[in-house]
1. Among the residues of segment 50-62, is there at least one that is at pLDDT below 90, surrounded by 18 or more Cβ atoms within 10 Å (Cβ to Cβ) and in a helix (DSSP H, G or I)?
2. Any residue that is touching a Ser or Thr at 6+ places or on another chain (Cβ under 6 Å) and touching a residue at least 60 places away in the same chain (Cβ under 8 Å) - is there at least one of those in segment 108-115?
3. Can you name the condition, by its number, that Phe96 falls short on among (1) crowded, with 17+ Cβ neighbours inside 10 Å; (2) in contact with a Lys or Arg (Cβ under 9 Å, 6 or more places away or on another chain)?
4. In segment 194-223, which residues are open to solvent by 70 Å² or more (accessible area, probe 1.4 Å), assigned to a loop (DSSP other than H, G, I, E, B) and either modelled with pLDDT of 95 or more or over 17 Å from Phe2 (Cα atoms) (or both)?
5. Collect the residues in segment 9-20 that are part of a helix (DSSP H, G or I) and crowded, with 19+ Cβ neighbours inside 10 Å, keeping them in residue-number order.
6. Quick check: anything in segment 87-99 in a helix (DSSP H, G or I), more than 20 Å from the chain's Cα centre (by Cα), modelled with pLDDT of 95 or more and more than 18 Å from Ile118 (Cβ to Cβ)?
7. Can you work out which of the residues in segment 38-49 that are over 10 Å from Trp24 (Cβ atoms) and among the β-branched types (Val, Ile, Thr) is modelled with the highest pLDDT?
8. Do you know which residues across segment 196-223 are in contact (Cβ under 8 Å) with a residue 24 or more places away in the chain and among the acidic types (Asp, Glu)?
Amino acid sequence: MFSAAIFDMDGLLIDSERPIMAAWIEAARTLDIELSHTQYLQVVGLATVESEVILGSLLGGPEAYRHAIAHVRKLLQLERSDGTPLFPIKPGAAEFLAALRQRGTRCAVASSSTSAQIQACLGSLDVLHHFEAFAGGDEVARAKPDPALYLLAASRLGVDPAQCIAFEDSENGAKAALAAGLRVVIVPDLKHPPASIVEQAFHVLASLNDATAHLPRWFPGELVRP
């Protein structure tokens with residue numbers, strides 16, 4: 001039915017949203033500001049430039065934002081002291097990617113994170129080799145919910161967007177994929193998309209653990225021997 005899968009990264013492939021939120025809340029406390037979960041959720045799924053505006057407003061302006069992001073960067077390293085990744089892979093993601101590869105399904109990443117962050121995060125989890133193409137937020141004029149990232153990823157795969165399924169966790173990501181002409185499978189993370197977006201989804205999964213069962217129907221390619 002479809003020939004390619006395009007994945008969001010943060011909150012979908014990697015469990016990054018929680019440690020990032022915790023880091024921002026701790027950074028806000030160094031400014032004597034209590035940043036709530038609800039306030040932080042405003043920036044989930046947004047590009048860096050847009051989230052900077054919102055967080056700067058919540059923290060008290062550009063100077064406060066610069067102080068906070070410096071603290072966040074110190075807290076967020078790709079690996080902990082014991083060598084384990086700070087952002088672990090989400091349940092079912094590695095297995096699903098391997099199953100797609102076995103079927104010969106082409107895969108790409110379309111993430112509001114920068115290209116360098118995509119390479120570093122997925123490389124640290126040993127899943128980078130499953131992807132043929134990448135589109136990062138630093139490569140487009142506007143990131144999600146603008147469709148540019150998904151259009152770029154599909155273009156780099158050389159696949160019509162209508163032949164792709166996007167896997168997303170956020171409202172803005174789902175909007176971007178829908179606007180680009182892709183079908184969307186939603187796997188909610190920190191922030192469940194509203195009913196108006198869920199109604200437009202091709203499917204909703206509780207976890208990527210549940211995705212492999214749908215492979216024969218969604219991506220009926222020939223099984224490839226290892």
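1. Residues of segment 50-62 at pLDDT below 90: 50-51.
Right, trim to surrounded by 18 or more Cβ atoms within 10 Å (Cβ to Cβ) and you get 50-51.
Subsequent filtering for residues that are in a helix (DSSP H, G or I) retains 50-51.
For segment 50-62, residues at pLDDT below 90, surrounded by 18 or more Cβ atoms within 10 Å (Cβ to Cβ) and in a helix (DSSP H, G or I): present.
2. From segment 108-115, those touching a Ser or Thr at 6+ places or on another chain (Cβ under 6 Å) are none; that's our starting set.
Within segment 108-115, none of the residues are touching a Ser or Thr at 6+ places or on another chain (Cβ under 6 Å) and touching a residue at least 60 places away in the same chain (Cβ under 8 Å).
3. Checking Phe96 against (1) crowded, with 17+ Cβ neighbours inside 10 Å; (2) in contact with a Lys or Arg (Cβ under 9 Å, 6 or more places away or on another chain), the one that fails is (2).
4. Within segment 194-223, Glu199, Gln200, Ala206 meet the criteria.
5. To start, the set of residues in segment 9-20 that are part of a helix (DSSP H, G or I) comprises 17-20.
Answer for segment 9-20, where residues must be part of a helix (DSSP H, G or I) and crowded, with 19+ Cβ neighbours inside 10 Å: Glu17, Ile20.
6. Here is the first cut: in segment 87-99, the residues in a helix (DSSP H, G or I) are 93-99.
Still in the list and also more than 20 Å from the chain's Cα centre (by Cα): none.
No, because not a single residue in segment 87-99 is in a helix (DSSP H, G or I), more than 20 Å from the chain's Cα centre (by Cα), modelled with pLDDT of 95 or more and more than 18 Å from Ile118 (Cβ to Cβ).
7. If we filter segment 38-49 for residues that are over 10 Å from Trp24 (Cβ atoms), which is where we start, we get 38, 41-42, 44-49.
Subset that is among the β-branched types (Val, Ile, Thr): 38, 44, 48-49.
Numbers: Thr38: 92, Val44: 82, Thr48: 76, Val49: 80.
Per the criteria, the residue is Thr38.
8. So the first thing to find is which residues in segment 196-223 are in contact (Cβ under 8 Å) with a residue 24 or more places away in the chain, and the list is 197, 200-202, 207-212, 215, 217-223.
If the condition is that a residue be in contact (Cβ under 8 Å) with a residue 24 or more places away in the chain and among the acidic types (Asp, Glu), then Asp210, Glu222 are the ones that fit.
The values are calculated or read from the model by the stated rules, or taken from the named source; none is laboratory data. These numbers were taken from a predicted model, which means no experiment stands behind them. Because the Cβ atoms are built from the backbone with ideal geometry, glycine has one as well, and the counts that use them run over all protein chains shown. Just the protein is used for accessible areas: all its heavy atoms, side chains included, with ligands, DNA and RNA removed. Shrake-Rupley method; radii C 1.70, N 1.55, O 1.52, S 1.80 Å.
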